[in-house]
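S.K.: This is the structure I want to talk about, given as structure tokens.
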Amino acid sequence: MQSKGLLILLFLFSFIPSVAQDDLNSVNRSVDSILQTIDKYPNDAERVKILNSKAGEFRYTKKTLELLNKSIAISKKTKNARLLADSYYSLGNYYYYNTRLDSAMANFDKSSDYLDTSEFPFLEATVLISKAGIYRKNGNMPLAISTMLKSKNILDKIDTLTLTEDERNKYKGQNLVLNNSLANYYNQMEEYDKALTFYDLSYESALQLGSKINAGIIISNKGDLLLKMGKLEEALALQHEGKKLKEEGKAPVRIISNSDLNIGTANLKLKNYDEALIYFNKAYDFYKSENLQTKLYEVLFYRGSLYYEQHENELAIKDCEASKEISSVQNDIEFFTKSCKCLYDAYKTSGAFDKALLNHEDYLKAKDSVFNEENVKKQTQLEMQYEFDKKQELQEITLKAKERESQLYSYLAFAGLLIASSLGFFFYKNRKKNIQLAKQQVLLEASIDEKNILLKETHHRVKNSFQIVSSLLYLQSETIEDKEAKTAIKEAENRVRSMVLIHQKLYNKDQLVGIDTKEYFTDLVNDIFESHQFKEQSIKYLLDVESFILDVETITPIGLILNELIVNVLKHAFTKVESTSLLRIEFKHLDNSLVLKVIDNGKGLEKDIKETSFGIKLMKALSKKLKAELRFHSEKGKGTEAVLSIKKFNIL
């Protein structure tokens, strides 16, 4: 439990030294020196590599943000996808190590936007590993596991025979990270058999790579699992073995201190209180001296639990209160929940029932926070309130402008009857009012910017909610043997992904209330083909999509209908896929309609379409919402043409 995430650090950052042990002023001077001399490197790729690696080497202190900003500026200038992906990934790591998880995820998403797994599989897999770590910290274990499995699928597709020796070692290292992380996640979800399997796989990889430190971390994690399974003596033995391996590998003191925390936890479970307290105090002293907040709240919780079991309630309350406060700041739901439970028990035993009740309420709220239904309602209310406020403000601007225009004409008519001096006086008054109006408009624009930020965050949260559903469907499909049920769940996952894509684009773009049709159709079609075609010979497709902006109410049902039409072609149109097999997708704005065409050159419809199938029912229901007509024309042996004519739409 205590070693989660360390393995990633060791392989991806190659033993980054602790800045806490260096002179911070020296680091700042080094950063300034790098920025002054960076142009001396021979090319942009080398410059970006140096800037990103040095930011990690200096442990992502505040000053290193200047290095990362410089790296992004160079990457943008080159317009090189790989450099942009590397730079945004490094910026994501900066925010991750400074516990700003939302900003970290936003930059990991930007990095993903520049990646193509066929070109940069290692980096794509690494970004997914980092995203999974954030999902775990936020308490979303299903999404964390499905993201790690996607990363593993990317690595599994790599032909290792074509790799150089360095690339092969990197491949083994990333698989080691993945297996250990998956084991940790399954451990946390109490799927112990799967966790043990992945721990053994990662341990073997660590020994093959000759990394005693990582082998020690994995053995410690496995010991934590055995602790949960009630195999206490075996767990304690593994924790001692893990510490020994770390010391033999000359691991940093922080990693060895984690073993002290693990050994203390095992002794606590065994009721060896004196032995446990020695190790807890040793770990606490180091974490306190290094100001390692993310480890302090862990050791404080376990030491507080020890005091509670020894009926020393005052000491228990002191440690668990400190653990609750720090874990809340660090946004660690797991230990915040545990600390609340510890305080509830200690206060109740002490007779402080009011404080016990408050902590029990915090415990229940934290436990249920990830799937709290009220959060979804608040997101919806926020969107509705934003749209209403926006319309109200625009109406007020128009009304005020008309009132001031009317006043201006009145003043001018009156001024025509007065002498030149009176005319000048009223001109001055009108100018003053215009200045006031300009100030009000500036304030209004600032207010709208704030609401844009809120709406952008809303789209981000809605996207994450859809991703949870998609991940749960993905995990369910992995465990189902029935072919038809597996296909049905896969189709449901595709439908959800079409909606995820909409909110992802709204979050990533400045346009918050509309989607560019050409960009959306290109990404959606590519996503559908990638998830459905696994044969050597793939169906080719052509896109002819007119570019314009549609609102969310229009683009969502169109995306779902297009998903159904394409999937039907991939499943039924071709008995055998040949080099001439082709699918054409057209989308145009013609007269007063939007026209979507999906045309294949397959075998054609052999019989009428089943009106009772779920896909057809779904398309008809969505067509009604768009006031659209869906027609099919087919000739045997010449293919099928599906045409959707849409009457109800909103182009922005």
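The values are calculated or read from the model by the stated rules, or taken from the named source; none is laboratory data. Small disclaimer: the values here were computed from a predicted structure and weren't measured. All Cβ positions, even for glycine, are placed from backbone atoms using ideal geometry, and neighbour counts span all protein chains on display. Accessible surface areas use protein heavy atoms only, side chains included; no ligands, DNA or RNA. Shrake-Rupley method; radii C 1.70, N 1.55, O 1.52, S 1.80 Å.
S.K.: Being at pLDDT below 95, open to solvent by 40 Å² or more (accessible area, probe 1.4 Å), closer than 16 Å to LEU268 by Cβ and within 32 Å of the chain's Cα centre (by Cα) is the requirement here; does LYS288 meet it?
M.R.: No: the conditions fail for LYS288.
S.K.: Please find, within the stretch 186-204, the residue that is nearest to THR147 (Cα to Cα) out of those that are of a type in the set (A, V, I, L, M) and in a helix (DSSP H, G or I). So that I can check it myself, show each step before the final result.
M.R.: Of the stretch 186-204, the ones of a type in the set (A, V, I, L, M) are 189, 195-196, 201.
Among the residues that remain, those that are also in a helix (DSSP H, G or I) are: 195-196, 201.
Details: ALA195: 16, LEU196: 20, LEU201: 19 Å.
If we take residues in the stretch 186-204 being of a type in the set (A, V, I, L, M) and in a helix (DSSP H, G or I), then ALA195 is nearest to THR147 (Cα to Cα).
S.K.: Tally up the residues in the stretch 330-344 that are open to solvent by 30 Å² or more (accessible area, probe 1.4 Å) and either modelled with pLDDT of 90 or more or on the phi > 0 side of the Ramachandran plot (or both), please.
M.R.: Initial filter on the stretch 330-344 (open to solvent by 30 Å² or more (accessible area, probe 1.4 Å)): 330-331, 333-334, 336, 338, 341, 344.
So of that shortlist, the ones also either modelled with pLDDT of 90 or more or on the phi > 0 side of the Ramachandran plot (or both) come out as 331, 336, 338, 341, 344.
Residues that pass the stated criteria total 5.
S.K.: If you don't mind, there's one more thing I want to ask. Which ranges mark the strands (runs of 3 or more DSSP E) fully within the stretch 562-652 that have 3 or more residues being modelled with pLDDT under 90 and over 26 Å from LEU550 (Cα atoms)?
M.R.: Details: elements: 582-590, 593-600, 628-635, 639-646.
Answer list for the stretch 562-652: 628-635.
S.K.: At pLDDT below 90, of a type in the set (A, V, I, L, M, F, W, C) and within 26 Å of PHE335 (Cα to Cα), is that true of MET141?
M.R.: Details: at pLDDT below 90: yes; of a type in the set (A, V, I, L, M, F, W, C): yes; within 26 Å of PHE335 (Cα to Cα): yes.
For MET141, the condition - at pLDDT below 90, of a type in the set (A, V, I, L, M, F, W, C) and within 26 Å of PHE335 (Cα to Cα) - is met.
S.K.: Next question. Name, by its number, the condition in (1) within 30 Å of LEU227 (Cα to Cα); (2) not in a helix (DSSP H, G or I) that does not hold for ILE158.
M.R.: So ILE158 meets the others, but not (1).
S.K.: Can LYS212 be described as over 21 Å from GLY133 (Cβ atoms), open to solvent by 50 Å² or more (accessible area, probe 1.4 Å) and in contact with a Leu (Cβ under 7 Å, 6 or more places away or on another chain)?
M.R.: Details: over 21 Å from GLY133 (Cβ atoms): yes; open to solvent by 50 Å² or more (accessible area, probe 1.4 Å): yes; in contact with a Leu (Cβ under 7 Å, 6 or more places away or on another chain): yes.
Answer is yes for this residue.
S.K.: For the stretch 146-160, give me each residue that is open to solvent by less than 20 Å² (accessible area, probe 1.4 Å) and either modelled with pLDDT of 85 or more or closer than 18 Å to ALA106 by Cα (or both).
M.R.: Within the stretch 146-160, the subset open to solvent by less than 20 Å² (accessible area, probe 1.4 Å) is 146-148, 151, 155.
The answer is SER146, THR147, MET148, SER151.
S.K.: Would you say ILE480 is modelled with pLDDT of 75 or more and open to solvent by less than 10 Å² (accessible area, probe 1.4 Å)?
M.R.: no
S.K.: What number goes with the only condition from (1) under 23 Å from HIS240 (Cα atoms); (2) surrounded by fewer than 20 Cβ atoms within 10 Å (Cβ to Cβ); (3) within 38 Å of the chain's Cα centre (by Cα) that GLN293 does not pass?
M.R.: GLN293 satisfies all of (1) under 23 Å from HIS240 (Cα atoms); (2) surrounded by fewer than 20 Cβ atoms within 10 Å (Cβ to Cβ); (3) within 38 Å of the chain's Cα centre (by Cα) except (1).
Let's see how each residue does on (1) surrounded by fewer than 17 Cβ atoms within 10 Å (Cβ to Cβ); (2) farther than 21 Å from GLY615 by Cα; (3) in contact (Cβ under 8 Å) with a residue 40 or more places away in the chain; (4) in contact with a strand residue (DSSP E or B) (Cβ under 8 Å, 6 or more places away or on another chain):
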{"position": "ASN563", "(1), (2), (3), (4)": "no, no, yes, no"}
{"position": "ILE585", "(1), (2), (3), (4)": "no, no, yes, yes"}
{"position": "ASP591", "(1), (2), (3), (4)": "yes, yes, no, no"}
{"position": "VAL598", "(1), (2), (3), (4)": "no, no, yes, yes"}
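S.K.: Quickly run through the stretch 505-531 and pick out the residues that are open to solvent by 40 Å² or more (accessible area, probe 1.4 Å), modelled with pLDDT of 70 or more, part of a helix (DSSP H, G or I) and not hydroxyl-bearing (Ser, Thr, Tyr).
M.R.: LYS518, GLU519, ASP523, ASN526, ASP527, GLU530
S.K.: Of the numbered conditions (1) surrounded by fewer than 17 Cβ atoms within 10 Å (Cβ to Cβ); (2) part of a helix (DSSP H, G or I), LEU542 satisfies every one except a single condition; which is it?
M.R.: It fails just one condition, (2).
S.K.: For ASN175, indicate whether it is crowded, with 22+ Cβ neighbours inside 10 Å, of a type outside the set (Asp, Glu) and assigned to a helix (DSSP H, G or I). It would help to see each step written out before you state the result.
M.R.: Working: crowded, with 22+ Cβ neighbours inside 10 Å: no; of a type outside the set (Asp, Glu): yes; assigned to a helix (DSSP H, G or I): yes.
For ASN175, the condition - crowded, with 22+ Cβ neighbours inside 10 Å, of a type outside the set (Asp, Glu) and assigned to a helix (DSSP H, G or I) - is not met.
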